[in-house]
Every structure is written in C-alpha cells, then in structure tokens.
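Inspection log for the structure reproduced underneath, given as structure tokens.
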Amino acid sequence: MTSSDMDIIDQAKTTFRELSRFRSFYGFLASDRVGNPYRMAETPLALKVTDVDTLANTPAMLRVRELFVQNKNLSARREWYAATKNLTPEQLLIAAQIAQQQQWYQQAILAMAKARYWDDIDIRFPLPYRPIFEQQAHKVDLPLTLVFAIARQESMFAADVTSPAGAKGLMQLMPATAKQVARKHKIRYKSQQQLFDPEKNISLGSRYFKDMMLRFNNNRILSIASYNAGPHRVSGWRKKTGGKLPYDAWIETIPFNETRQYVQNVLAYTLIFAHHLDQKQPLLSPAEKQQLL
C-alpha cells in the first residue's frame, strides 16, 4: 500500500469520525465504520412555565384545544396552522411543548421541525399507544423500536389521517392492503373506517410488515423499502442490481427519492427509539450487513 493510499484511508477515517457526531442515518453508518458509539445529542427544551401558559391560553390555542376535544380534528389542524404560521422560532418551541402536553403528536413534531430544533427526543419521538405497540410487536415477533419507527415516519402518530393516495391511520395502510392482510391472517376487519382505530391499524400494519420480513428473509432494508414502495418494485430493483451491491450502496441506488429517504429515516428512527426506550441495538445486524443486494 502506497503512502498515497494511506493518506486516502486516513482522510476517510477523519470524515467518518466527523460524521459520527450526528444523529442521522449517515452519522450512525459512520459510527459503525469507526467503532464509535451512536451519538444522540439530546438537549430537552427548557421553557418557562409562564411562557407556555400564556400561549396556551390565547384565543387561537383555546379554539384548537376545543376542536380537538370535540373530535373535529381537521378543523383543529387548520386552526393550529393559522395559530402558528406567524410564530417566531422561540414561540414555535412553546407551541410544540403545548402540543406534546395535549398529545397532539403530529403538531408537536411539525412545530419542532419548523423551528429547526432537532434535539428534544421526547417531543420529536414520543411513545404514544405504547401498550398497543408492545402487544402487537410481540404478537408478530418484531422489534418494538421498528414498529414505532414506521409509525413515526408514516403518520407522526396521527391516528386519524388519510394521505393523498388514500393510506389511512397510524401506519398508513391502503384499504385494499388492509383487507388482504386481514383475510390472510384471519383478522376481523369490516370497514376501512377501522383503520382509524389505533389497535386495528397497528395490528394490520405490523402483520403486513412481518409478511415483508418473511418474504425478504428478515432483511429490514428490503422490508422497509417494500412497505413504502411495494414488494414487487423492490424485487425488480434487486434483479437490476443482481445481488452484487453491499447494503449501503444498494440503498443509494433506490430509484425513488421518497423510498430512499424512507429507508434511511426508519433505520435511523429505530436507533433513536431504542435510545428512548433504554435499549441497545445496532443500526443493522451482521447478517444484514453481509448480504449483497
């Protein structure tokens, strides 16, 4: 090995060490490369109670709360948007705190993102419906952190949302997919309205993801991509790469930007939820790292 080769290797190690400081997919990858622990960089908000109370009791915020209490969630979200669109970053953080206290998880997460404050893990990665997630993850033998990560990416824990494509609920299931999964696994399912029920949605969503895991030999990369883009597309992408690419290169070749980001986010979120739940787990298993895709 020439001195020039050694310089390139040293340069790469320096870059990986710098990247490993970040709480992100690439930061976690870099940590694995240089053997560093994953950095979570957690700094919870420290807000004055009086500031929170003042904003919470404005007429706009009181209207939001009343609409959510009456289950007029669409109107509540519109009112929230109107109430927060002109807030300063500092006020947005207060609004995020209010939303967390009221269990408006999606609004809390969005307010933190709009304020560009990334380091309060409690607010950005909450643990709602935890008993249901625990029960359903255990039932299908999936890591709890993974099921939480999918729901966080899919809906930001808004149980009543419908996507423009028609996907519904916490784990954003298409009605046709839900019906197929329910029939296959003999799960009682009568109407797509049931997809707004957290227990039914998590039951069907976790079972569907388990089907992807079984289809792709327990490879989470392929299963996560399939949950977003569909298993037939993922199988087609694998044919094109011919089982010759390492996992990180294969992720970069995913032709859909949305699916590529989706895979990276869910894998990273899995580690963040593991930290939140005081669990230790790697970004990827040895088998996932070794499998060529």
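Multiplying the sequence separation of Asp53 and Lys289 by 0.36 nm and subtracting their Cα-Cα distance, what value in nm do you get?
Values: separation 236, 0.36 × 236 = 84.96 nm, distance 4.89 nm.
Extra length available between Asp53 and Lys289 comes to 80.1 nm.
Return the distance in nm (one decimal) between the two label points of a simple spin-label model at Leu245 and Arg233, each offset 7 Å from Cα along Cα→Cβ.
Those two pseudo-labels are separated by 1.4 nm.
Using unit Cβ charges (K, R positive; D, E negative) and no other charged atoms, how large, in debye to the nearest 20, is the dipole of the chain about its Cα centre? Write down the numbers at each step before the final one.
Working: 39 positive and 26 negative charges, 278 e Å.
Dipole of the chain, to the nearest 20 debye: 1340 debye.
Counting Lys +1, Arg +1, Asp -1, Glu -1, what net charge surrounds Ala225 among other residues with beta carbon under 12 Å of its beta carbon?
Net local charge, Ala225 excluded: +4.
Work out the FRET efficiency for Arg21 and Gln180 from their Cβ-Cβ distance, taking R0 = 35 Å, and round it to the nearest 0.05.
Efficiency, rounded to the nearest 0.05: 0.20.
Collect residues whose amide H, placed 1.01 Å from N in the peptide plane, falls under 5 Å from the amide H of Leu173; neighbours closer than 5 in sequence don't count.
Lys168
So what is the relative contact order of segment 1-146, in percent, for Cα pairs below 8 Å that sit 6 or more residues apart? Spell out each step's value before the answer.
Numbers: 129 pairs, mean separation 22.8, N = 146.
Across segment 1-146, relative contact order equals 16 percent.
Please state the charge dipole magnitude for segment 1-130, taken about the Cα centre, from unit charges on C-beta atoms (+1 on K and R, -1 on D and E), reported in debye and rounded to the nearest 20. Kindly include the intermediate steps, with their values, before the conclusion.
Values: 17 positive and 14 negative charges, 111 e Å.
For this selection, approximately 540 debye.
Suppose R0 equals 45 Å; then what is the FRET efficiency for Ala165 and Asp32 from their Cβ-Cβ distance, rounded to the nearest 0.05? Kindly include the intermediate steps, with their values, before the conclusion.
Working: r = 34 Å, r/R0 = 0.76.
The formula returns an efficiency of 0.85 here.
Net charge around Ile94, counting only other residues with Cβ within less than 12 Å of its Cβ (Lys, Arg = +1; Asp, Glu = -1)? Mind showing how you got there, number by number?
Working: positive: Lys48; negative: Asp51, Asp53, Glu90.
Net charge in that neighbourhood comes out at -2.
Taking Cα pairs under 8 Å and at least six residues apart, what relative contact order does the chain come out at, in percent? Don't jump to the answer; show the numbers that get you there.
Details: 343 pairs, mean separation 40.8, N = 293.
Worked out over the chain, it gives 14 percent.
Distance between the C-alpha centers of segment 229-293 and segment 25-81? Whole Å please.
So the two Cα centres are separated by 27 Å.
What list of ³J(HN,Hα) values in whole Hz, one per residue of segment 93-109 in order, does the Karplus curve 6.51 cos²θ - 1.76 cosθ + 1.60 (θ = phi - 60°) give from phi, with Gly and Pro shown as x?
Computed from phi, the couplings for segment 93-109 are 5, 5, 4, 4, 4, 4, 4, 4, 4, 8, 6, 8, 4, 4, 5, 5, 5 Hz.
Using unit Cβ charges (K, R positive; D, E negative) and no other charged atoms, how large, in debye to the nearest 20, is the dipole of segment 130-290 about its Cα centre? Spell out each step's value before the answer.
Details: 23 positive and 12 negative charges, 146 e Å.
Computed charge dipole of segment 130-290: roughly 700 debye.
Using only DSSP helix segments of four residues or longer, with each worth -39500 (n - 2.57), what per-residue ellipticity at 222 nm results for the chain after dividing by its residue count and rounding to 500?
Working: 17 runs with 189 residues, N = 293.
The helix-only estimate for the chain comes to -19500 deg cm²/dmol at 222 nm.
Normalise the Cα radius of gyration of the chain by 2.2 N^0.38 Å (N = residues in it) and let me know the number. It would help to have the intermediate numbers written out before the result.
Values: Rg = 20.9 Å, N = 293, 2.2 N^0.38 = 19.0 Å.
Relative to the 2.2 N^0.38 Å estimate, the chain comes out at 1.10.
Subtract the Cα-Cα distance of Gln193 and Gln101 from 0.36 nm times their separation in residues, and report this length gain in nm to one decimal.
Values: separation 92, 0.36 × 92 = 33.12 nm, distance 2.72 nm.
Additional length available on full extension: 30.4 nm.
List, in the order given, every pair from Lys139/Lys280; Lys210/Lys239; Lys139/Lys179; Lys168/Lys210; Lys239/Lys280; Lys114/Lys179 whose Cα-Cα distance in the structure shown is over 25 Å. Before the final figure, lay out the partial values.
On the way: Lys139/Lys280 21 Å; Lys210/Lys239 22 Å; Lys139/Lys179 19 Å; Lys168/Lys210 19 Å; Lys239/Lys280 34 Å; Lys114/Lys179 36 Å.
With Cα atoms farther than 25 Å apart: Lys239/Lys280; Lys114/Lys179.
What net charge do the residues around Arg39 carry, taking every other residue with its C-beta under 13 Å from that of Arg39, with Lys and Arg at +1 and Asp and Glu at -1? Show your work: numbers first, answer last.
On the way: positive: Arg17, Arg21, Arg23; negative: Glu18, Asp32, Glu42, Asp119.
My count for the surroundings of Arg39 gives -1.
Could you calculate the FRET efficiency of Arg63 with Leu127 from 1/(1 + (r/R0)^6), where r is the beta carbon distance between them and R0 is 25 Å, rounded to 0.05? Working shown, then result.
On the way: r = 28 Å, r/R0 = 1.12.
My answer for the efficiency is 0.35.
With the crude spin-label approximation of a point 7 Å out along Cα→Cβ, what separation in nm comes out for Glu42 versus Tyr81?
A separation of 3.3 nm, rounded to one decimal place.
Since every read-out is calculated from the coordinates, none of them should be taken as a lab result. Since this is a predicted model, take the numbers as computed values, not measurements. Neighbour counts run over all protein chains shown; Cβ positions are idealised from the backbone, glycine included.
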